[in-house]
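So the structure is just underneath, and the comments pick up after that.
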Amino acid sequence: MYALSLLDKSPVPPGESAVSALSNTVNLAKRAEELGYRRFWVAEHHGGAELASSAPEVLVSWILAHTSRIRVGSGGVMLQHYSPYKVAEVFNVLSSLAPGRVDLGIGKTPGGLPRATAALQAYRSAKPDFEAQFSELTTFLDNAVAGQPDEALAFSGPKPPVTADRFLLGASPDSARLAAAHGWNFVFAGHLNGDPENLRLSLDTFRKESGGRSAILALAAYASENAAHAAAQISELKVFKVFLDNGQSVSLGRREQAEEFARQAGAREYRIEERKPSVLHGTPENIHEELSRLSSLHGIEEFILEPPAVSTDERLASVELLARKPLSAAA
């Protein structure tokens, strides 16, 4: 048995506003709780009008207030933009508001267009070292709940009765190793990097370095009663990967976004490849068959599923269909 959780990016429906997108996210979280999903996470994206969740900690707080049991968290906070101390403070406050229900997921990428990244980091003299930030965040979180806090450190209170569960999001053995070294859980971003060998190496690394713990696998998934309908819906989805002349590459949802990313990055030359996103799709039975295979192959005990940017009603229907299969008793 494996547990199911959800990740939502708050896509803005065509012709609608961010108000609708955020309302849809809250409604999806409430329905996920009713259906028995273990967690509901929200993402962080900057500088675009297609996704409404630019401040996950705010959205987490609102969802916690509108639910009562499901765990709620960030998938994830883009740490490179922020002070580790401030992130620790925010999630200690959230954990004090809803003890035992808060997850802190940390991401390594900027999560936005170059101008947004520059604006977020406007008062920094240099790009921060992620591993140093991650280590500092761990220290501040631990110090806030230590029996005898280190007086040399600032107190990142309040002291919550139950701390936030900690997750590092990544898609490489290096990320798995970093998570294990600091005692964090590891979530492999399979919805962003579906390479089977990289997946195997990353999960094996985390299991070995963490003393046998199981990682979580994040995937994009869309279920329909009719497999042909699911395939038709997914066939309309596209990803545009832009390759810059400095070696950087990033995937975006529209060609115009990819071109704008290159322009904002100041690239003299670039190329764009149109690709099909990796989305597990079919009937609920098809999808659970694949999840069972992955669970058996890699020892996965929990999957975080991201509904793709189809219509609001179809995203909700997919979430309901996938919940028909028994979820883990721990969910």
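Being of a type in the set (Ser, Thr, Tyr), in a loop (DSSP other than H, G, I, E, B) and either more than 25 Å from residue 208 (Cα to Cα) or under 20 Å from the mean Cα position of the chain (by Cα) (or both) is true of residue 163. Within the bounds of the range 59-80, is there any residue that is in the same structural domain as residue 216 (by the TED database), within 24 Å of residue 310 (Cβ to Cβ) and among the polar types (S, T, N, Q)? Yes, that holds for at least one residue. For the range 292-307, taking the residues that are in a helix (DSSP H, G or I) and touching a helix residue (DSSP H, G or I) at 6+ places or on another chain (Cβ under 9 Å), the one that is most open to solvent (accessible area, probe 1.4 Å) is identified as 297. When residues in the range 154-198 are screened for being open to solvent by 40 Å² or more (accessible area, probe 1.4 Å), among the aliphatic types (A, V, I, L, M) and under 24 Å from residue 251 (Cα atoms), 1 of them pass.
Among strands (runs of 3 or more DSSP E) entirely within the range 210-283, having at least 1 residues that are modelled with pLDDT of 90 or more, open to solvent by 40 Å² or more (accessible area, probe 1.4 Å) and farther than 30 Å from residue 184 by Cβ singles out 239-244, 270-275, 279-282.
Going by the structure shown, is residue 207 at pLDDT 95 or above and either over 22 Å from residue 297 (Cα atoms) or of a type in the set (Val, Ile, Thr) (or both)?
Numbers: at pLDDT 95 or above: yes; either over 22 Å from residue 297 (Cα atoms) or of a type in the set (Val, Ile, Thr) (or both): no.
In short, no.
With respect to the conditions (1) more than 23 Å from residue 34 (Cα to Cα); (2) touching a His at 6+ places or on another chain (Cβ under 6 Å), residue 220 lacks only one, and its number is (1).
The values are calculated or read from the model by the stated rules, or taken from the named source; none is laboratory data. Quantities reported herein were computed from a predicted structural model and do not represent experimental measurements. Here Cβ is always computed from backbone atoms with ideal geometry, including for glycine, and neighbour counts include all displayed protein chains. Remember, those area values only see protein heavy atoms, side chains included, never the ligands or the DNA or RNA. Shrake-Rupley method; radii C 1.70, N 1.55, O 1.52, S 1.80 Å.
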